[in-house]
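The values are calculated or read from the model by the stated rules, or taken from the named source; none is laboratory data. The structure displayed is predicted, hence computed values, not measured ones. Neighbour counts run over all protein chains shown; Cβ positions are idealised from the backbone, glycine included.
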Amino acid sequence: MDDSERSGGQSSQPALRRWECACGDRPVLFATYDDRGEIRIKFRDRFFFVQGRVRAICPRCGAEHVLDLRARDAGPVKAPGG
Ligand SMILES: [Zn+2]
């Protein structure tokens, strides 16, 4: 049996999603995150990898945004007092 090696199979690449504020014609991008719950924040020439909950202030409209990936398994979360 010469079972050929199947190496380098990176087919299960998680889909990257955008976390942004749609306050203007062009949305302000805060960070990107994937289905595994890893948030990637780009700041200048480096990336920060965060897991869990992140808060951000939109530089354009000043609104506070919260990205909480800990509760993604519990369905859509409704923020109190939106
Ligand atoms: Zn905004």
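Hey, does region 3-18 have a residue that's within 16 Å of the ligand (Cβ to nearest atom) and at pLDDT 70 or above? The answer is yes; a qualifying residue exists. Taking region 24-40 as the range and being surrounded by 14 or more Cβ atoms within 10 Å (Cβ to Cβ) and within 16 Å of the ligand (Cβ to nearest atom) as the test, the residues that pass are P27, V28, F30, A31.
Residues that are among the aliphatic types (A, V, I, L, M) and outside any strand (DSSP E or B) within region 17-66 comprise A22, A63, listed in sequence order.
Yes/no matrix, rows are residues, columns are (1) at pLDDT 95 or above; (2) surrounded by fewer than 11 Cβ atoms within 10 Å (Cβ to Cβ):
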| site | (1), (2) |
| --- | --- |
| A22 | yes, yes |
| E64 | yes, yes |
| R70 | no, no |
| G75 | no, yes |
